[in-house]
Amino acid sequence: MTVPVFLSDAAGQAADTIVLDGPEGRHAAAVRRLRPGERIDLTDGAGRVAECTVTAAGKDSLTAEVLRRFEVPPPRPRLVVVQGLPKGDRGELAVEMMTEAGVDVIVPWAAARCVTQWKGDRAAKALARWRGTAREAAKQARRFHLPEVTEQATTAAVGSLVSTAALAVVLHEEAAEPLSRLPLPEEPGDIVMVVGPEGGVTEEEIATLREAGATPALLGPTVLRTSTAGVAAAAVLLSRCGRW
């Protein structure tokens, strides 16, 4: 059985005993029904991990003895995915799959052809859902570094992000070069991949991203939904750069 992972700031502290309470403790005790003697891993989400054994279980909390502590370095190169806002709950699906695959930063992008619009209270609620989805998916995938889900970005902000990347790619169905054949950067730095919305990337957006340094690339012979294109492209890049 896979050892469950829970988030706790105490994972990075020196105490020999940790009390897991709050939402994480409630989930562990009431939903997972963990009992004394069972193993859990606690992480602060920034690479610090405490391997523990449950010593006591309450109604909505656990007490655990720390067996050992270790730190996991962040993966390199970082993979940043700029995701055009999908319709409905497909945004959470995209975030879940990309988190499980290993994407390090997810940038919600208000592209010109996005049907979904994040404005006012809706923007805050949608961003909170994306971040909550990333958090839960990271625990499921046993990731000790939580992915960052940034604030919504404009095309100009995406261009600035692209300009600082070691490699920047924008997925486009009319690109001549396949993603699997793009040369990887020799210098260290982020890989940034831009995924357009359902309606695609406009010519103006392509021009802006090209000018910033992005290379259009073809993902494959079929047309994927925006919610699945990101994880498929991430798999290609993570394999090629040696992280998979």
- Message: Rounded, prolate or oblate, given the Cα gyration tensor of the range 127-186, with a/c below 1.5 counting as rounded?
- Response: prolate
- Length gain on complete extension for the stretch Arg243 to Ala157, per 0.36 nm per residue less the alpha carbon to alpha carbon distance? 28.2 nm
- Query: Tell me which lysines have Cα within less than 26 Å of Lys139's Cα, excluding those fewer than 8 residues away on the same chain?
  - Reply: Lys59, Lys87, Lys125
- Query: Say we join alpha carbon atoms closer than 10 Å with springs in a Gaussian network model of the chain; which of Val95, Val162, Val115 then has the biggest fluctuation?
  - Reply: Val115
- Query: According to a simple spin-label model (label point 7 Å from Cα along Cα-to-Cβ), what is the distance in nm between Glu203 and Thr55?
  - Reply: 6.9 nm
- Message: If you fit an axis through the alpha-carbon atoms of helix 90-101 and take the longest principal axis of the Cα set of the chain, what angle between them do you get, 0 to 90°, nearest 10?
- Response: 70 degrees
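Quick one: order Met97, Met1 from most to least accessible surface, probe 1.4 Å.
These residues rank, largest area first, as Met1, Met97.
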- Item | Relative contact order, percent, the chain [alpha-carbon distance under 8 Å, six or more residues apart] | 20 percent
- Query: Among Ser163, Ser61, what's the order by accessible area (1.4 angstrom probe), most exposed first?
  - Reply: Ser163, Ser61
- Task: On a C-alpha basis, how far is the centre of the range 94-120 from the centre of the range 136-150 in Å? Whole number, if you could?
- Result: 15 Å
- Would you calculate a helix-derived [θ] at 222 nm for the chain, using -39,500 (n - 2.57) for each DSSP H run of n ≥ 4 and dividing by the full residue count, to the nearest 500? -9000 deg cm²/dmol
- Task: Sketch the reach of a paramagnetic label on Glu148 as a point 7 Å from Cα along Cα-to-Cβ, and name the residues of the range 103-141 whose backbone nitrogen lies under 20 Å away.
- Result: 103-110, 124, 127-139
- Task: Between Val192, Val80, Val31, find the one with the highest GNM mean-square fluctuation for the chain; connect C-alpha pairs within less than 10 Å.
- Result: Val31
- Might you work out the accessible area of Arg131 for me, using a 1.4 Å probe with all protein chains in place, and round it to the nearest 10 Å²? 100 Å²
- Measure off, as a whole percent, the carbon and sulfur share of the 1.4 Å-probe accessible area of the range 48-182, all protein chains present. 48 percent
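Nearest 5 percent is fine: what portion of the DSSP beta bridges confined to the chain is antiparallel?
The antiparallel proportion sits near 45 percent.
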- Sort the range 77-225 into rounded, prolate or oblate with this rule: let a ≥ b ≥ c be the square roots of the eigenvalues of the Cα gyration tensor; rounded if a/c is under 1.5, and if a/c is not under 1.5, prolate when a/b is larger than b/c, oblate otherwise. oblate
- Message: At 0.36 nm per residue, and after removing the present C-alpha to C-alpha distance, how many nm does the segment from Ala235 to Arg35 gain when stretched out fully?
- Response: 68.3 nm
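Asp89 to Val19: FRET efficiency via 1/(1 + (r/R0)^6), r the Cβ-Cβ distance, R0 25 Å, to the nearest 0.05? Could you put the intermediate results ahead of the total?
Working: r = 35 Å, r/R0 = 1.39.
Calculated transfer efficiency: 0.10.
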- Note on the structure: In debye to the nearest 20, the charge dipole size for the range 48-152, taken about the Cα centre with +1 at each Lys and Arg Cβ and -1 at each Asp and Glu Cβ, equals 200 debye
- Message: For the chain, set up a GNM with springs between Cα atoms under 10 Å and report which of Gln13, Gln152, Gln140 has the largest fluctuation.
- Response: Gln13
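When ligands, DNA and RNA are left out and all protein chains stay put, how many square angstrom of accessible area per residue does the range 182-224 have with a 1.4 Å probe? Don't jump to the answer; show the numbers that get you there.
Values: 2320 Å² over 43 residues.
Accessible area per residue: 54 Å².
The values are calculated or read from the model by the stated rules, or taken from the named source; none is laboratory data. The structure displayed is predicted, hence computed values, not measured ones. Cβ atoms come from the backbone with ideal geometry, glycine included; neighbour counts cover every protein chain shown. Just so you know, the surface numbers come from the protein's heavy atoms only, side chains and all, with ligands and any DNA or RNA stripped out. Shrake-Rupley method; radii C 1.70, N 1.55, O 1.52, S 1.80 Å.
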